[in-house]
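Chemist: Structure provided below as structure tokens; questions to follow.
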Amino acid sequence: NAARCAFWIGFRLLHIGEVGRGSGWLARARAGLEQHGRPSVIEGYLLMPVAFRHLAAGEFEQAMSAAEDASRIAREFKDANLQALAYSAEGRVLVRWGRVEQGLERLDLSMVTASGSAIVPTISGVVYCAAISNCSRVFALDRAREWTKVLARFCDAQPQLVTFTSTCLVHCSEVHQTAGAWADAERDAERAYSAVPQDPLLHPLPLADALYQRGELKRLQGDFEEAEALYRAASEKGRE
């Protein structure tokens, strides 16, 4: 229906950095639900940005409440895509809240759910990237390496999702970096850079992140001149 279509447009725009337009489409989805007047699984999807706004503000109880409500709606409507997103949100909140083991378990569950055949590739990309980055955040490196293999297979199978593919490959490179696997780290950083078309109309941050990660690797291996050039290029694309 119209509300579902509006949500997916908004979701996609938010994840390529178009916050204003994305928020507008999400508002349209909410308005469509109000006109519809009947319970809908889209109510659960619309709780995802609510959870992440609270998480960004450090309001962990409110963030967890929104994520758990989304998970309940997912079970009610038997919607695996929403369930994967909700588990991922719960995991991210718990990790940031300091309840690390619970958070990692929930992220594991989100990854298992996202690997199902009924999952939309965009959802898988979001869930995989979130799991890897949060495992790296708390130095759960064994988990990060395990899920990196899954993530690499996903990136190879979904080259059309350039924003997610590039972001995921940056995370893969960071995980290889922590293990001192320089060749693998450089390979994925180069692939992350190559995955993003040089299109001025696209949001520049995925390209900037790839440039920054390449700069990190050059710096750590002593190539300071090349690192400086890459950092400068990343900065020009908006990366601190």
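The values are calculated or read from the model by the stated rules, or taken from the named source; none is laboratory data. All values reported here derive from a predicted model rather than from experimental measurement. Note: ideal-geometry Cβ built from the backbone for every residue, glycine included; neighbour counts use all protein chains shown. Quick note on the areas: whole protein, heavy atoms, side chains included, nothing else; ligands and nucleic acids left out. Shrake-Rupley method; radii C 1.70, N 1.55, O 1.52, S 1.80 Å.
Chemist: Is the C-alpha gyration tensor of the chain telling us rounded, prolate or oblate? Criteria: a/c under 1.5 is rounded; beyond that, a/b larger than b/c is prolate, otherwise oblate.
Modeler: Working: a/c = 2.02, a/b = 1.55, b/c = 1.31.
It is prolate, given that a/c is not under 1.5 and a/b is the larger ratio.
Chemist: Helix 182-195 against the longest principal axis of the chain: what's the angle in degrees, Cα atoms only, rounded to the nearest 10?
Modeler: Orientation of helix 182-195: about 60 degrees from the principal axis.
Chemist: Give me the 1.4 Å probe accessible area per residue for the chain, excluding ligands and nucleic acids, in Å². Could the numbers behind the result be given before it?
Modeler: Details: 11770 Å² over 240 residues.
I get 49 Å² per residue for the chain.
Chemist: Helix 141-157: angle to the longest alpha-carbon principal axis of the chain, degrees 0 to 90, nearest 10?
Modeler: 80 degrees
Chemist: I would also like to ask the following. From the phi angles alone, apply the Karplus equation (6.51, -1.76, 1.60; θ = phi - 60°) to the stretch 222-230 and give each ³J(HN,Hα) in whole Hz, x where the residue is Gly or Pro.
Modeler: x, 8, 6, 5, 5, 4, 4, 5, 5
Chemist: I'd like the carbon and sulfur percentage of the solvent accessible area for the chain, probe radius 1.4 Å, heavy atoms only, ligands and nucleic acids excluded.
Modeler: Of all accessible area on the chain, carbon and sulfur atoms account for 52 percent.
Chemist: With axes computed from alpha carbons, what is the tilt in degrees of helix 19-36 against the longest principal axis of the chain, rounded to the nearest 10 within 0 to 90?
Modeler: 20 degrees
Chemist: Next question, about the same structure. Place the peptides 184-191, 88-95 in order of packing, highest mean first, counting for every residue the other Cβ atoms within 10 Å and averaging per peptide.
Modeler: Descending packing order for the listed peptides: 88-95, 184-191.
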